[in-house]
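The values are calculated or read from the model by the stated rules, or taken from the named source; none is laboratory data. Predicted model only: the values in this text are computed from it and were never measured. Cβ placement follows ideal geometry from the backbone for every residue including glycine, while neighbour counts extend to all protein chains displayed. The accessibility values were calculated without ligands, DNA or RNA, using every heavy atom of the protein model including side chains. Shrake-Rupley method; radii C 1.70, N 1.55, O 1.52, S 1.80 Å.
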Amino acid sequence: MTDWTPDLSGRQGPRYRAIADALADDVAGGRLPAGTRLPTHRDLAYTLGVTVGTITRAYAEAEKRGLIGGEVGRGTFVQGHKLLTQPSDPFSWSPALEPSIVNMTAITPEHKLTAQALGPTLAAIGASPNIATLLEYSPHAGLPAHRAAVAKWLARQHRVSAGPDNVLLTIGAQNAMAVAIAAVARPGDVVLTERLTNYGMKTLATVEGYHLEGIAIDEHGVVPDAFDSACRRLAPKALYLVPTMHNPTAAVMPAARRQEIADIARRHGVVLVEDDVFGFLLREPKPIQAIAPDITIYVSSLSKSVSAGLRVGFVVAPPSMVPRVEAVIRALQYSTPPLPAEVAARWITDGSADRFAEFQRSEAAARQQLARSILPADVVCGHPAAQHLWLVLPEPWRRDDFIAEAARRNAKVTGGDVFAVGRAGAPHAVRVGLCCPSNRDDLARGLRTLVETLENPESAMLSIV
């Protein structure tokens, strides 16, 4: 453990932030290399003559910036050099630069069918007499015809009953998340998430200044007692959750658990922000929005079911929240570009989008079957209809060693630490995006590489010696 002492001279603002700023400077300057174990909260508090609470807040701020990470029983370690030498997005990757690598870090659906349909659709749009309207500013919530089409799509593919007036268009699901949270929370407010959550929510909280608190999950999703306790202790503004094909574990919350979560949220006055981008993959159970539409802001998109590149997302808000959500859309992007929404609306209306979604369901099931025929059954977790799976690493593997060794063998996966919220530590597990490789042969090659890595733990042993 290092005896690091931050230089606080001349630093303004709250003490905890000054400590975090000093830590950031020392990481950037190379004085705190990756892997350095920092002093305990109590030791650093004694050295600086401040309270333990101040150090706790400083370390939490540094962790939020991606500079440090902690594991229960081991301590707090520097990891911020990654932000200085690599892209901050752990899913960024260029196949043109690394053609031999099988990338399984993202969840990007096959776009062969949509690519074939796009040209004729654009030609039809171009020949339309009202094409000029697509080049103008659209209403903040989207054009009425587009909102009506999305409402029909939600009813058919997501079991969501909502009128067009409650549907507001966004630029993809990430933007929908930003809009939904901003409609109910302010910087500094507590927003609850699952202990392992969508990486996009973590980046959003960092940029907007929300205080994320991760709560316990089990094989069925959010643990009700943990949610109830967090509501009592923290007075959160919202709970963001992915109950269907949870990201990253691919778990599905049962109907009874969804009702219990809704009851707790209602009792404590907490808004539920339900991310249902994977909801089209399953017919049951219904979204939480169908159980508690008055306290749920529902977000989704066409990114997993139709096309990631269209960037067409949507928010379904309770009537009382629609004006606030619309005001946030106006502030963040004014409105959604109408041309991609027009493409989506046409595909929804003529049935093409349903055909694309069915293809994605079929492809996900086939790739899951392939994965489960290759990977050891005792390490695979998640629903067999998901577009990803959760691989729990056996002893003696540790997460970072496995990822590095798999990458050395030309297979890329995403570590559980990317999704972890809070200081409880991340499990030694990785997320495997099954639909990211361009074909099943490449996927099989990547999966076999993971098996070879699992069966040859020499690199794992080296990290223990």
If the chain between residue 373 and residue 130 were fully extended at 0.36 nm per residue, the gain over the current Cα-Cα distance would be 82.3 nm
If the label point sits 7 Å along Cα→Cβ of residue 235, residues of segment 202-229 with amide N under 16 Å come out as 211
Please identify every one of the GluC sites (Glu not before Pro) in segment 215-316 that sits in a loop by DSSP and has no more than 14 other beta carbons within 10 Å of its own beta carbon.
219
Amide hydrogen neighbours beyond the local backbone of residue 105, cut-off 5 Å, H modeled
433
Projected label distance in nm at residue 7 and residue 100, using a 7 Å step from Cα toward the beta-carbon:
4.5 nm
Taking the DSSP beta bridges in the chain as the whole, what percent of them are antiparallel, to the nearest 5?
60 percent
Along segment 410-418, Karplus-curve 3J(HN,Hα) (6.51, -1.76, 1.60; θ = phi - 60°) to the nearest Hz, with x for Gly and Pro, reads 6, 9, 10, 9, 10, x, x, 5, 4
Return one whole number: the accessible area per residue of the chain in Å², for a 1.4 Å probe.
43 Å²
Quick check: at a probe of 1.4 Å, how many percent of the accessible area of segment 376-457 sits on carbon and sulfur atoms?
49 percent
So what are the ³J(HN,Hα) numbers for segment 134-151, from phi and the Karplus equation (6.51, -1.76, 1.60; θ = phi - 60°), rounded to whole Hz, Gly and Pro as x?
7, 9, 9, 4, 9, x, 4, 8, x, 5, x, 5, 5, 5, 5, 5, 5, 4
Quick note, segment 161-241: a/c under 1.5 would make it rounded; otherwise a/b > b/c is prolate and the rest oblate (a ≥ b ≥ c, C-alpha gyration tensor); here it is prolate
So what is the calculated 222 nm ellipticity per residue for the chain, using -39500 (n - 2.57) for each DSSP H run with n of 4 or more, over all residues, to the nearest 500 deg cm²/dmol?
-13500 deg cm²/dmol
On the accessible surface of segment 94-161, probed at 1.4 Å, how many percent belong to carbon and sulfur atoms?
66 percent
Correct option for Cα Rg over 2.2 N^0.38 Å [calculated from the coordinates] among [x] 1.30; [y] 1.01; [z] 0.97:
[y]
Could you go through segment 17-22 in sequence order and give the Karplus-derived ³J(HN,Hα) for each residue, using 6.51 cos²θ - 1.76 cosθ + 1.60 with θ = phi - 60°, rounded to whole Hz, and x for Gly and Pro?
6, 4, 5, 5, 5, 5
For the chain, size of Cβ-based charge dipole, Lys and Arg +1, Asp and Glu -1, in debye:
520 debye
Förster radius 22 Å - calculated FRET efficiency between residue 15 and residue 40 (Cβ-Cβ, nearest 0.05):
0.80
Net charge of neighbours whose Cβ lies under 13 Å from the Cβ of residue 139, counting Lys and Arg as +1 and Asp and Glu as -1
-1
How charged is the neighbourhood of residue 353? Take every other residue with its Cβ under 14 Å from the Cβ of residue 353, and add Lys/Arg as +1 and Asp/Glu as -1.
+2
Give the range of the longest stretch in the chain that excludes all chymotrypsin sites (Phe, Trp or Tyr not before Pro) found in loop regions by DSSP and having at most 13 other beta-carbon atoms within 10 Å.
138-333
Residues with amide H under 5 Å of residue 217's amide H, sequence separation 5 or more or different chain, H placed in the peptide plane at 1.01 Å from N; which?
195, 223
